[in-house]
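See below for the structure under consideration.
The values are calculated or read from the model by the stated rules, or taken from the named source; none is laboratory data. This is a predicted model, so every value here is computed, not measured. All Cβ positions, glycine included, derive from the backbone under ideal geometry; neighbour counts span all protein chains shown. Accessible surface is based on the protein model in full, side chains and every heavy atom, while ligands, DNA and RNA are left aside. Shrake-Rupley method; radii C 1.70, N 1.55, O 1.52, S 1.80 Å.
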Amino acid sequence: PYNLNVAADAAARASLADLPALMANVDRIIAERGRLIEQLAAIPFLRPYPSRSNFILCQVVGMEAFALKKQLEDQGILVRYYKQPSLSDHIRISVGTPEQSDALLEALLAVSC
């Protein structure tokens with residue numbers, strides 16, 4: 001649904017030209033996603049959904065999702081928030097590096113409900 005610019009097109013072509021490196025990166029993302037889902041499920045105010053993507057959708061319970069987004073933003077962590085009524089109690093977390101996940105988890109532990 002989105003147009004690609006020239007830089008994105010060139011990056012995609014370069015990635016496809018080196019399939020072993022691309023698949024190694026996919027494997028790292030899958031492993032990190034699994035670790036992150038497990039850790040997020042242990043946080044009392046989050047309910048992560050199973051994911052096969054490079055992000056994890058989490059229902060926020062016991063607090064406003066927008067308030068959680070703002071508290072994380074104040075700590076330098078950016079997550080996606082949706083205003084649509086069907087998703088207004090959710091945030092979307094992109095899967096990054098283990099270091100980025102650790103920073104997210106640390107920030108989540110500092111959140112006040």
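For every residue, the table says whether it meets (1) in contact with a strand residue (DSSP E or B) (Cβ under 9 Å, 6 or more places away or on another chain); (2) over 27 Å from residue 12 (Cβ atoms).
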position	(1), (2)
22	no, no
29	no, no
40	yes, yes
47	yes, yes
52	no, no
73	no, yes
85	no, yes
95	yes, no
100	yes, no
Checklist outcome for this item: A careful count of residues in segment 58-102 that are hydrophobic (A, V, I, L, M, F, W, C), assigned to a loop (DSSP other than H, G, I, E, B) and open to solvent by less than 40 Å² (accessible area, probe 1.4 Å) gives 4
Checklist entry - Among the residues of segment 12-36, which ones are open to solvent by 50 Å² or more (accessible area, probe 1.4 Å), of a type outside the set (A, V, I, L, M, F, W, C) and touching a residue at least 24 places away in the same chain (Cβ under 8 Å)? => result 35
Checklist entry - Which members of segment 77-108 meet the condition of being more than 23 Å from residue 34 (Cα to Cα) and not hydroxyl-bearing (Ser, Thr, Tyr)? => result 83, 84, 85
Checklist entry - Does residue 53 count as surrounded by 15 or more Cβ atoms within 10 Å (Cβ to Cβ) and under 23 Å from residue 34 (Cβ atoms)? => result no
Item to check | Hits in segment 103-112 - residues which are open to solvent by 60 Å² or more (accessible area, probe 1.4 Å) and closer than 17 Å to residue 62 by Cβ | outcome: 109, 110, 112
Checklist entry - Only one of these conditions is not met by residue 39: (1) touching a helix residue (DSSP H, G or I) at 6+ places or on another chain (Cβ under 7 Å); (2) open to solvent by less than 60 Å² (accessible area, probe 1.4 Å); (3) part of a helix (DSSP H, G or I). Which number is it? => result (2)
